[in-house]
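What follows is a short report on a single structure.
The values are calculated or read from the model by the stated rules, or taken from the named source; none is laboratory data. Here the structure is a predicted model, which is why all the values come from computation and not from measurement. A quick note on method: Cβ atoms are made from the backbone with ideal geometry, for glycine too, and the neighbour counts reach across all protein chains shown. Side chains are part of the model used for accessible areas, which takes the heavy atoms of the whole protein and leaves out ligands, DNA and RNA. Shrake-Rupley method; radii C 1.70, N 1.55, O 1.52, S 1.80 Å.
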Amino acid sequence: MKLFLAIAAVSCLSKSTTLAFAPSANHNVRSATALNAKVGIYYSTQTGNCETVAGYISEAAGLEIADIGDATDEEVAGLDSIIVGAPTWHTDEESERSGTSWDSWLYDNLPNIDVSGKNVAVFGVGDQASYDEYYCDAAGELYDLFEGAGCKMMGFTSTDGYDHSSSKAERDGKFIGLMCDEDNQYDLSEDRAKTWVAQLKGEGFF
């Protein structure tokens, strides 16, 4: 199966420190699907909201999750499909927006990994009420850098049902992936994750 790389750029502009989901502590992100594809989910977080959403995606897809800071270049290169998520803490910045391990990984590690031709999907988490002008901006950074590395981007979603004024995670009127708000719409996140995973399956991502 063609190599895939799903970015979940989870843009966690969240002030909440409560973990609504307790994902597995197992950091082995390789999980064989029915098509024998090696699939993984990477995230990074400050408050735990990104990990929460990564957990919802993990449950829906039947995959493991791991912090990108714990990943090796060889692990990432060996996967057929990867879902990656990061938060947004450095608002209104042109780069290094997440305030997490992604800020160094994207610029120090990604350029050394051949990801050309892989499919990528991005997810983000943010706070529409407090940061409505910068909602999930770090997801847009992940999108730009993986696309620039030659990846095929998948998993675009509608902006309907959200209440933000602007976002660097939008392209042509759509979000570049799954966006969740654990502060103001936490009750919608799990269903959004399930719907997104089903969409990715329909797009041939897995």
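Only one of these is at pLDDT below 95 and under 22 Å from A60 (Cα atoms): M153, M179. Name it.
Values: M179 fails: at pLDDT below 95.
It is M153.
Listed by position, the helices (runs of 4 or more DSSP H) contained in region 92-206 that have at least 1 residues being within 17 Å of the chain's Cα centre (by Cα) and of a type in the set (V, I, T) are 186-202.
Taken over region 136-185, the criterion of being touching a Gly at 6+ places or on another chain (Cβ under 8 Å) and free of Cβ contacts under 8 Å to residues at least 24 places away in the same chain is satisfied by F156, T159. Condition check: hydroxyl-bearing (S, T, Y) and closer than 17 Å to A54 by Cα. Does Y134 satisfy that? So Y134 does not fit the description; no.
Candidates in region 93-122 are the residues that are open to solvent by 10 Å² or more (accessible area, probe 1.4 Å) and hydroxyl-bearing (S, T, Y); of these, the one that is farthest from G48 (Cα to Cα) is S116.
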